[in-house]
Structure formats: structure tokens, C-alpha cells
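What follows is one structure encoded as C-alpha cells, with my remarks underneath.
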Amino acid sequence: MNTATAAAVPAREQSQPFGAKRVLLLVFGSIVLLLALALLAGGGAAAWGLSQRDASGYFTTGTHELSTGSYALASESLDVGPEIPGWLDSRLGSIRVEASSSRPVFIGIGRVRDVERYLADVQHAQITEFDTDPFSVSYGARGGSAKPAPPASQDFWLIQASGSGRQTISWPVEEGKWSVVAMNTDGSQGVSIDTRLGARIPSLRSFAIGLLAAGALVLLIAGGLLYLGIRRPRLALEQLR
């Protein structure tokens, strides 16, 4: 190849059209790059969340006061649908409820139908809305004229705790319609508790690792697509002769 031919190579390379194939590679590469960044961001957020757990592995709220002049505080129905596979139940995690009061306190979780039957003619407050950041709670008053039997004497509770000082229940999430109830242990009026909620998600670590690994893989694919789209095609030597 003489000097004239060598000098012609850059010019002929620059004359190659920026074809549709290269445009498509750049477009798809950019889309895949955005997907990779989203996966990496999600994995980073999940990894950061791991550092926000307490010593028992729970994410917890602050302590907030809940009170009613009636006989009980009951949550609205907590629905866990039947569409969740049985093998996945243990991976959904656990919910923890902590409560303390100046009086002996009872907290329990039962099926909605059993709780409604127990409190059917009992004046109580139903928590219709509960937010932790910022904290706010809304109650719906439920009327009645009967005095309830002591809650711990009932046999329908899935999990319960009662006594003086701080009481704690932990509930591995399972299918059904559930209600959380807080009362005085003797079933008397005037319930006031300081409560804190927690949630544990055992699969969070695997979720974070999976997102980060997927993000790294997709990032490599995006880099390859962008490289193929950006690089300048070279002419074969026989085309330059």
C-alpha cells in the first residue's frame, strides 16, 4: 500500500454512512442501559435497607400512642390472599407488634370473623387508617352495650400476649383475613397503649443480591450494544485496492 492509498483510508472510513443498523444498536443499547441503571438502583436501595434493621432483623416504626375510651382497639382486616403459593408463605416475613401501658395490656391476632363475633355488641374503636411517616391514625367508632369477657379467656387467638410492661407478639404472615386487637387484660374501658410495629423480610438480602447481579449483567449487554453502535466500521483490504 503506497502513501496515497494509506491516506485514502481515513477518508473512506469517514465516508461510511451512519446506517440504520448502527442507529438501532445505539437505541437498544440506550434502553438496555436505562434498565441496567434501574436494576442497580433497586439493588442499591435494597442493600441500604438491610442496614436499617434492628438487631432482630426487623424494620421498625417509632413508638406512638393509640387510645380509646371504649373497650378495645381493633385494626381493619389484614387480607393475605389465597393466590400466594404455599411455598412462598415462609418468605413473606413476619410482623411484630409491641405494646406497653400503665395498666396490664393484652394484644392478640385473630381471624376477622372471630374478632367481629367477640366484639359484635361491644363498644370499641376500629383503626381505619394508620401512617407512620408522618404519624397519623384514624378511628371508626363501633357501638355496643355489652361488656366483653377478658380477652385472654378466648380460644380463637392465633397469637396473643398479655400482662404488665411491654408485650410483644410476632406473626409469621399467612393466608387469611386477620385483625390485631389491643385491650386491657380485664376487658375494662379506657385503652391507652404505646405501640411500635416491625416487619422482617427474610428474602431481602437475596433480593438485593439478585438485583445487583442482574443489573451488572444487563450493564455489560448495554455496553456491548453501544460499542457496536458507536465503533466506526472498517473496510476490508480488498475493497481498498
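Hey, could you check the range 52-66 for residues that are out of contact with any Leu (no Cβ under 8 Å at 6 or more places or on another chain) and of a type in the set (S, T, Y) and say which is modelled with the highest pLDDT? Per the criteria, the residue is T63. Quick check, is L24 modelled with pLDDT of 70 or more, over 30 Å from R196 (Cβ atoms) and either surrounded by 14 or more Cβ atoms within 10 Å (Cβ to Cβ) or within 27 Å of the chain's Cα centre (by Cα) (or both)? No, not satisfied. The test for being surrounded by fewer than 18 Cβ atoms within 10 Å (Cβ to Cβ), touching a Gly at 6+ places or on another chain (Cβ under 7 Å) and not in a loop (DSSP other than H, G, I, E, B) does not hold for A214. Scanning the range 72-86 for residues that are part of a loop (DSSP other than H, G, I, E, B) and over 11 Å from Q126 (Cα atoms), we see that the one that is modelled with the highest pLDDT is G81. Taken over the range 170-204, residues that are polar (S, T, N, Q) and surrounded by 19 or more Cβ atoms within 10 Å (Cβ to Cβ) amount to 3. Residues in the range 188-207 that are polar (S, T, N, Q) and under 24 Å from the mean Cα position of the chain (by Cα) were compared, and the one that is modelled with the lowest pLDDT is S203.
Results for (1) more than 19 Å from L66 (Cβ to Cβ); (2) surrounded by 13 or more Cβ atoms within 10 Å (Cβ to Cβ); (3) of a type in the set (S, T, N, Q), shown as yes or no for each residue.
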{"residue": "S101", "(1), (2), (3)": "no, yes, yes"}
{"residue": "G144", "(1), (2), (3)": "yes, yes, no"}
{"residue": "A149", "(1), (2), (3)": "yes, no, no"}
{"residue": "S164", "(1), (2), (3)": "no, no, yes"}
{"residue": "T168", "(1), (2), (3)": "no, yes, yes"}
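Among the residues of the range 178-225, count how many are in contact with a Phe, Trp or Tyr (Cβ under 6 Å, 6 or more places away or on another chain) and under 30 Å from S51 (Cα atoms). Total meeting the criteria: 3.
Looking at G49, G69, G42, G93, just one residue is at positive phi and either modelled with pLDDT of 85 or more or surrounded by 11 or more Cβ atoms within 10 Å (Cβ to Cβ) (or both), and that residue is G93. Filter the range 188-201 down to residues that are in a strand (DSSP E or B) and of a type in the set (S, T, Y) and give me whichever is nearest to G93 (Cα to Cα). Going through the qualifying residues, I end up with T195.
The values are calculated or read from the model by the stated rules, or taken from the named source; none is laboratory data. Keep in mind it's a predicted model, so treat the numbers as computed, not measured. Methodologically, a virtual Cβ is constructed for each residue, glycine included, from the backbone with ideal geometry; neighbour enumeration extends over all protein chains shown.
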